[in-house]
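Participant: My questions will all concern the structure given below.
The values are calculated or read from the model by the stated rules, or taken from the named source; none is laboratory data. Since the model is a prediction, treat every value here as computed from it, not as a measurement. Note: ideal-geometry Cβ built from the backbone for every residue, glycine included; neighbour counts use all protein chains shown.
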Amino acid sequence: MSDMAETIARQVDLPVDFAVRKHRSLWTDAWQRLISLNTARLGMVIIGVLLLVAVLAPIVHHYDPKTDSSLRDRLKPPSREHILGTDNLGRDVVVRLVHGARYSLVVGIVSVGIGLIIGGILGMLAGFAGGAVENIIMRCMDIILAFPAMLLAIAIVAVRGPGLNNTMVAVGVVFIPIFARLARSMVLSAKEQEYITAATCAGVTRLRILFRHILPNILSPIIVQSTLGLGSAILWAAGLGFLGLGQQPPKPEWGAMLSDCYKFLAKGAWWVIIPPGVAIMLSVLGFNLLGDGLRDALDPRLAR
Amino acid sequence: MIPTLLGVTVLVFLFIHLIPGDPAIVMLGEHAAVENVERIREQLGLNKPLLLNLDAVAQVSRGEVSIGEGFKSFFDSQYLGFLGRLLRGDLGKSVHEHTPIADLLKLKIPATVELSLPAMAFAIVMGIPAGIISATRRNSVFDNVSMVGSLVGVSMPIFWLGLMLIYFFGVKLGWFPTYGRFPVDLSLETVTGLYTLDSIIAGDSQALGLALKHLVMPSIALGTIPMAVIARMTRSAMLEVLQEDYIRTAYAKGLRERTVILRHALKNAFLPVITIIGLQVGSLLAGAIMTETVFSWPGVGKWVYDAILARDYPVVQVAVLVITLVIAVINLAVDVSYAFLNPKIRLE
């Protein structure tokens, strides 16, 4: 069989590899391209570690932030006992760092989820329906987009009250117009394709066209945007935590850890400040690297 | 543009109504005196209908009030009152300080301007050349280092960068002061509110040095993320342009590399870079909240933060509105500058 394919390939002047190579789906193809990128691999490793830590920490080790303080060990520099020292209430920095991972991850996933579902559906509706519906939806999105992202999130949490739930809602709201715009523009260009005309001619209902024919074709930019969004969400949530508007102490959210301790920097207590910041930076970096990699992998035309 | 801005005012207006419970009581605390609560309710107009007074229509139709009066009271609503006051330049009063917000704002804006301008200048002066060199020496050590650096830069929490600068250059090395705009025990005669400019006007070189020293760390902290974004954008825009035929032509006719890159390539790569610089101003002003808080810089950002903690919602409302409007104007300016920079648009 492959002999024949090879012969045919030679006859029509195609690269041999083109005819001989095994059939691969688009997704397998994208995966192959993704793991061939060093940066994307690094991103996946970072996210993998973050996921493992976030999931395993509460299973392996029970942590109660309320009873953890020990005033005798306040602000101790790194030692064999406490690898990264202790904070202003004598709590081990490593333990708190490890247990803080899940807050960042949960905020990221939930808030991107809110933005993706609400924004995605609004954008698809706008792009597909057109006319007045599109106008009303997109004008509303423009209004939200006029606010700088971080300021909008701060404002929402400021009025709704501090806490993790409001942080997730606030960051989610920020994402809604971003996903709506993306989904709309993708639907607009997908709508003009011939396979949609074909589906319409075949009598497929509009809703089915939207979800079965258009959605799969606009998925890849949305996946890229979601991955990059996870990074931004973690960054914004840490900012809210730092301003005292996010997860409330004594829970070990990374931004809140920084906000608890930054006053002690003047005393030279670097070990309470550097580790949480590095943790935030690495997680965000992981999602940014993976997002960039996914963009190159899912849309090979963009690869430069 | 105009409908969007009106929408922004509606959203900012509704802001007070997102507060769970009675806004007046939330702002003053549960044990506030009844007359104070009533005063705040009156001041914010919370007793009036939200958007339009629909009762007026019913009253007129029942013949209870004359058409003229009904027409007037139809528009006597919280939102239209808010909008009317804004248009007259009346920004309301701070709940706790009893000072007109407009006066406070006038005090705070120069501080934020003085911080933002060097931050933006730092971002542009470092970011654009880094992007150009990265693009022309693609895959070189410089390219790799600066691109990894800019990725790290956009992944870093801005307040944490500020803390790191404070630790290394303030606490460890003692080069720069770690908070404020000027030594607390010294005073400076203010004319413009920009301390650097004021000290130049006063001819006081010592004050100028002090003001500049206070500026270094906050403006680097604030400018780092925009710098990273600008560098990445410049690089990718340059890479695209460098593949064009006219660049090859320019090389082929023997122009020096400098001329090709600066006169032929950069000019054409500049449009997306200008857009991204305009967008960065927005994130800069939002980032000012973090930076000013970390460095105790008495600008608009710190003011918003303090107002949030004090539950002084009228202040938060006005500050959010002002920042958003400034950004909208800057984005409009960027769009207009397109027409000057791009003859294609100008001719259309």
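Participant: In this structure, does A:L258 turn out to be within 14 Å of chain B (Cβ to nearest Cβ), under 30 Å from A:G161 (Cα atoms), under 25 Å from the mean Cα position of the chain (by Cα) and hydrophobic (A, V, I, L, M, F, W, C)? Break it down into steps so the answer makes sense when it comes.
Facilitator: Working: within 14 Å of chain B (Cβ to nearest Cβ): yes; under 30 Å from A:G161 (Cα atoms): yes; under 25 Å from the mean Cα position of the chain (by Cα): yes; hydrophobic (A, V, I, L, M, F, W, C): yes.
Judged against the criteria, A:L258 is a match.
Participant: Of the residues A:A190, A:A238, which is of a type in the set (A, V, I, L, M, F, W, C), closer than 30 Å to B:V316 by Cβ and part of a helix (DSSP H, G or I)?
Facilitator: Numbers: A:A190 fails: closer than 30 Å to B:V316 by Cβ.
Exactly one of A:A190, A:A238 is of a type in the set (A, V, I, L, M, F, W, C), closer than 30 Å to B:V316 by Cβ and part of a helix (DSSP H, G or I), namely A:A238.
Participant: Still on this structure: Within region A:40-74, track down each residue that is modelled with pLDDT under 85 and either part of a loop (DSSP other than H, G, I, E, B) or under 15 Å from A:G231 (Cβ atoms) (or both).
Facilitator: The answer is A:H61, A:H62, A:Y63, A:D64, A:P65, A:K66, A:T67, A:D68, A:S69, A:S70, A:R74.
Participant: Still on this model: Is there a residue in region B:23-36 that is of a type in the set (S, T, N, Q) and more than 14 Å from every other protein chain (Cβ to nearest Cβ)?
Facilitator: To start, the set of residues in region B:23-36 that are of a type in the set (S, T, N, Q) comprises B:36.
Filter again for more than 14 Å from every other protein chain (Cβ to nearest Cβ), leaving B:36.
Within region B:23-36, one or more residues are of a type in the set (S, T, N, Q) and more than 14 Å from every other protein chain (Cβ to nearest Cβ).
Participant: Within region A:158-182, how many residues turn out to be of a type in the set (V, I, T) and modelled with pLDDT under 90? Let's see the steps before the verdict.
Facilitator: Quick first cut of region A:158-182, residues of a type in the set (V, I, T) only: A:159, A:167, A:169, A:171, A:173-174, A:176, A:178.
The next check asks that each one be modelled with pLDDT under 90; those that pass are A:159.
Final tally of qualifying residues: 1.
Participant: Same structure, new question: Name the single residue, out of those in region B:38-65 being in a loop (DSSP other than H, G, I, E, B) and of a type in the set (A, V, I, L, M), that is surrounded by the most Cβ atoms within 10 Å (Cβ to Cβ). Don't jump to the end; show me each part of the working.
Facilitator: Quick first cut of region B:38-65, residues in a loop (DSSP other than H, G, I, E, B) only: B:45-54, B:62-65.
Then drop every residue that is not of a type in the set (A, V, I, L, M), which leaves B:46, B:50-52, B:54, B:65.
Values: B:L46: 17, B:L50: 12, B:L51: 12, B:L52: 15, B:L54: 11, B:V65: 14.
Filtering region B:38-65 for residues that are in a loop (DSSP other than H, G, I, E, B) and of a type in the set (A, V, I, L, M), the one surrounded by the most Cβ atoms within 10 Å (Cβ to Cβ) comes out as B:L46.
Participant: Tell me which of these A:G244 doesn't satisfy, since it passes every other one: (1) assigned to a loop (DSSP other than H, G, I, E, B); (2) away from chain B (no Cβ under 12 Å).
Facilitator: (2)
Participant: Looking only at region A:210-219, count every residue that is β-branched (V, I, T) and without any contact (Cβ under 8 Å) to a residue 24 or more places away in the chain and tell me the total.
Facilitator: The first filter runs over region A:210-219 and keeps only residues β-branched (V, I, T), leaving A:214, A:218.
Those left that are additionally without any contact (Cβ under 8 Å) to a residue 24 or more places away in the chain: none.
The qualifying residues number 0.
For every residue, the table says whether it meets (1) crowded, with 17+ Cβ neighbours inside 10 Å; (2) touching a residue at least 60 places away in the same chain (Cβ under 8 Å).
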| residue | (1), (2) |
| --- | --- |
| B:L210 | yes, no |
| B:P218 | yes, yes |
| B:R235 | yes, yes |
| B:V260 | yes, no |
| B:R263 | no, no |
| B:I276 | yes, no |
| B:Q280 | yes, yes |
| B:T291 | yes, yes |
| B:Y313 | yes, yes |
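Participant: Okay, moving on. Quick one: would you say B:F176 is closer than 22 Å to A:Y262 by Cβ, among the aromatic types (F, W, Y) and in a helix (DSSP H, G or I)?
Facilitator: On the way: closer than 22 Å to A:Y262 by Cβ: yes; among the aromatic types (F, W, Y): yes; in a helix (DSSP H, G or I): no.
Considered against the rule, which asks whether it is closer than 22 Å to A:Y262 by Cβ, among the aromatic types (F, W, Y) and in a helix (DSSP H, G or I), B:F176 comes out as no.
Participant: Which helices (runs of 4 or more DSSP H) does region B:66-148 wholly contain that include 2 or more residues that are touching a Lys or Arg at 6+ places or on another chain (Cβ under 8 Å) and over 30 Å from B:V260 (Cα atoms)?
Facilitator: Numbers: elements: B:67-74, B:78-87, B:101-136.
The helices (runs of 4 or more DSSP H) meeting that bar are B:78-87, B:101-136.
Participant: So, one more: Among the numbered conditions (1) more than 11 Å from chain A (Cβ to nearest Cβ); (2) part of a helix (DSSP H, G or I); (3) surrounded by 22 or more Cβ atoms within 10 Å (Cβ to Cβ), tell me where B:L163 comes up short.
Facilitator: With respect to (1) more than 11 Å from chain A (Cβ to nearest Cβ); (2) part of a helix (DSSP H, G or I); (3) surrounded by 22 or more Cβ atoms within 10 Å (Cβ to Cβ), B:L163 is out only on (1).
Participant: Here is a further query. Residues to consider are A:I176, A:I156, A:I109; find the one that is within 14 Å of another protein chain (Cβ to nearest Cβ), touching a residue at least 40 places away in the same chain (Cβ under 8 Å) and either surrounded by 22 or more Cβ atoms within 10 Å (Cβ to Cβ) or under 17 Å from A:E253 (Cβ atoms) (or both).
Facilitator: Values: A:I156 fails: touching a residue at least 40 places away in the same chain (Cβ under 8 Å); A:I109 fails: within 14 Å of another protein chain (Cβ to nearest Cβ).
A:I176 is the lone residue from the list that is within 14 Å of another protein chain (Cβ to nearest Cβ), touching a residue at least 40 places away in the same chain (Cβ under 8 Å) and either surrounded by 22 or more Cβ atoms within 10 Å (Cβ to Cβ) or under 17 Å from A:E253 (Cβ atoms) (or both).
Participant: Then there is this: Quick check on this structure: which one of B:V184, B:V152 is farther than 17 Å from B:G299 by Cβ, out of contact with any strand residue (DSSP E or B) (no Cβ under 9 Å at 6 or more places or on another chain) and either at pLDDT below 90 or among the β-branched types (V, I, T) (or both)? Write out each step before concluding.
Facilitator: Details: B:V184 fails: farther than 17 Å from B:G299 by Cβ.
Just a single option satisfies the conditions, and that option is B:V152.
Participant: Just to be sure, is A:M186 away from every other protein chain (no Cβ under 14 Å) and under 30 Å from A:M281 (Cβ atoms)?
Facilitator: So A:M186 does not fit the description; no.
Participant: While we're on this one: Does B:F82 satisfy the condition of being more than 14 Å from chain A (Cβ to nearest Cβ), crowded, with 16+ Cβ neighbours inside 10 Å, in contact with a Ser or Thr (Cβ under 8 Å, 6 or more places away or on another chain) and among the aromatic types (F, W, Y)? Even if it seems obvious, please write down each step before you answer.
Facilitator: Numbers: more than 14 Å from chain A (Cβ to nearest Cβ): yes; crowded, with 16+ Cβ neighbours inside 10 Å: yes; in contact with a Ser or Thr (Cβ under 8 Å, 6 or more places away or on another chain): yes; among the aromatic types (F, W, Y): yes.
It is true that B:F82 is more than 14 Å from chain A (Cβ to nearest Cβ), crowded, with 16+ Cβ neighbours inside 10 Å, in contact with a Ser or Thr (Cβ under 8 Å, 6 or more places away or on another chain) and among the aromatic types (F, W, Y).
Participant: Also: Restricting to helices (runs of 4 or more DSSP H) lying wholly in region B:283-348: which have 2 or more residues that are over 22 Å from B:I40 (Cβ atoms) and away from every other protein chain (no Cβ under 13 Å)? It would help to see each step written out before you state the result.
Facilitator: On the way: elements: B:300-309, B:313-341, B:343-347.
So the answer is B:313-341, B:343-347.
Participant: Continuing with the same structure: Looking at A:R102, A:R80, A:R91, can you tell me which residue is of a type outside the set (G, A, S), exposed (fewer than 14 other Cβ atoms within 10 Å of the Cβ) and out of contact with any His (no Cβ under 8 Å at 6 or more places or on another chain)? Before the answer, list the steps.
Facilitator: Values: A:R102 fails: exposed (fewer than 14 other Cβ atoms within 10 Å of the Cβ); A:R91 fails: exposed (fewer than 14 other Cβ atoms within 10 Å of the Cβ).
Selected residue: A:R80, the only one of A:R102, A:R80, A:R91 that is of a type outside the set (G, A, S), exposed (fewer than 14 other Cβ atoms within 10 Å of the Cβ) and out of contact with any His (no Cβ under 8 Å at 6 or more places or on another chain).
Okay, residues lined up against (1) modelled with pLDDT under 85; (2) over 22 Å from A:M186 (Cβ atoms); (3) outside any loop (DSSP other than H, G, I, E, B):
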{"site": "A:K76", "(1), (2), (3)": "yes, yes, no"}
{"site": "A:L84", "(1), (2), (3)": "yes, yes, no"}
{"site": "A:N88", "(1), (2), (3)": "yes, yes, no"}
{"site": "A:G115", "(1), (2), (3)": "no, no, yes"}
{"site": "A:M141", "(1), (2), (3)": "no, no, yes"}
{"site": "A:A155", "(1), (2), (3)": "no, yes, yes"}
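Participant: Hey, among the residues in region A:276-297 that are farther than 20 Å from A:V112 by Cα and modelled with pLDDT under 90, which one's nearest to the other protein chains (Cβ to nearest Cβ)?
Facilitator: Here the residue is A:D296.
Participant: Of B:Y251, B:Y195, B:Y246, which residue is away from chain A (no Cβ under 14 Å) and touching a residue at least 60 places away in the same chain (Cβ under 8 Å)? Before you say what the answer is, go through the steps one by one.
Facilitator: Details: B:Y251 fails: touching a residue at least 60 places away in the same chain (Cβ under 8 Å); B:Y246 fails: touching a residue at least 60 places away in the same chain (Cβ under 8 Å).
From the options B:Y251, B:Y195, B:Y246, the qualifying one is B:Y195.
Participant: A further question on this structure: Which of the residues that make up region A:196-222 are aliphatic (A, V, I, L, M) and either surrounded by 15 or more Cβ atoms within 10 Å (Cβ to Cβ) or not in a helix (DSSP H, G or I) (or both)? Steps first, please.
Facilitator: Of the residues in region A:196-222, the ones aliphatic (A, V, I, L, M) are A:196, A:198-199, A:202, A:204, A:207, A:209-210, A:214-215, A:218-219, A:222.
A:I196, A:A199, A:A202, A:V204, A:I209, A:L210, A:I214, A:L215, A:I218, A:I222, listed by residue number.
Participant: From the list A:I154, A:I136, A:I144, A:I178, which residue is β-branched (V, I, T), under 25 Å from the mean Cα position of the chain (by Cα) and farther than 20 Å from A:Q225 by Cβ?
Facilitator: Values: A:I136 fails: under 25 Å from the mean Cα position of the chain (by Cα); A:I144 fails: farther than 20 Å from A:Q225 by Cβ; A:I178 fails: farther than 20 Å from A:Q225 by Cβ.
That would be A:I154, the only listed residue that is β-branched (V, I, T), under 25 Å from the mean Cα position of the chain (by Cα) and farther than 20 Å from A:Q225 by Cβ.
Participant: Another question about this same structure. Is there any pair linking a residue in region B:35-61 that is at positive phi to one that is in a helix (DSSP H, G or I) and surrounded by 15 or more Cβ atoms within 10 Å (Cβ to Cβ), with Cβ under 7 Å and at least six apart or on different chains, and which?
Facilitator: Filtered contacts from region B:35-61: B:G45/B:Q78; B:G45/B:G81.
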